[in-house]
Amino acid sequence: MNRSHLSLLLASLFAAPLAVAAPPETDGPTDGFALIMTGFLVQWPTLLTLVLYPVMLITYVRLAINEEHETQARFGTAYEQYADAVPRFFPRRRRPLAVAS
C-alpha cells in the first residue's frame, strides 16, 4: 500500500462514500491469511494445527462474506461495482505483456 492509498483510506474513515481509487488485486489486506495458516500447518504439523486449519479457514470465509453483505447494504451500487472489479480471495490471472521484437 503506497502513501496515496493510505491517505485515501484514512480520509475515508471520516467520510460516508466508499473509498475506491484503483481496484487492488484482491479484496482485502488479510488475504494472505490462508497462506500463513498453510505455512503453520507445514512447519508445525501437529494434531492441533490439523484440526484448527479448516476451522480457521471456514471462519475466515464466513467473516469475509458477512463483511461483504454489510458493506453492500451500506454502500449499495458503489460497492457492487467495486465487487465486480475486485476478486474476493484470489487475484485474477493477468494477461502476459506483449513483447515488441
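For this structure, a couple of remarks:
- For Ile36 and Asn66, the difference between the fully extended length at 0.36 nm per residue and the C-alpha to C-alpha distance is 8.6 nm.
- Accessible-area rank, largest first, for Val42, Val55: Val42, Val55, with all protein chains present and a 1.4 angstrom probe.
The values are calculated or read from the model by the stated rules, or taken from the named source; none is laboratory data. Treat the numbers as computed from the prediction; the structure is a model and nothing was measured. Note: areas computed on protein heavy atoms with side chains; ligands, DNA, RNA excluded. Shrake-Rupley method; radii C 1.70, N 1.55, O 1.52, S 1.80 Å.
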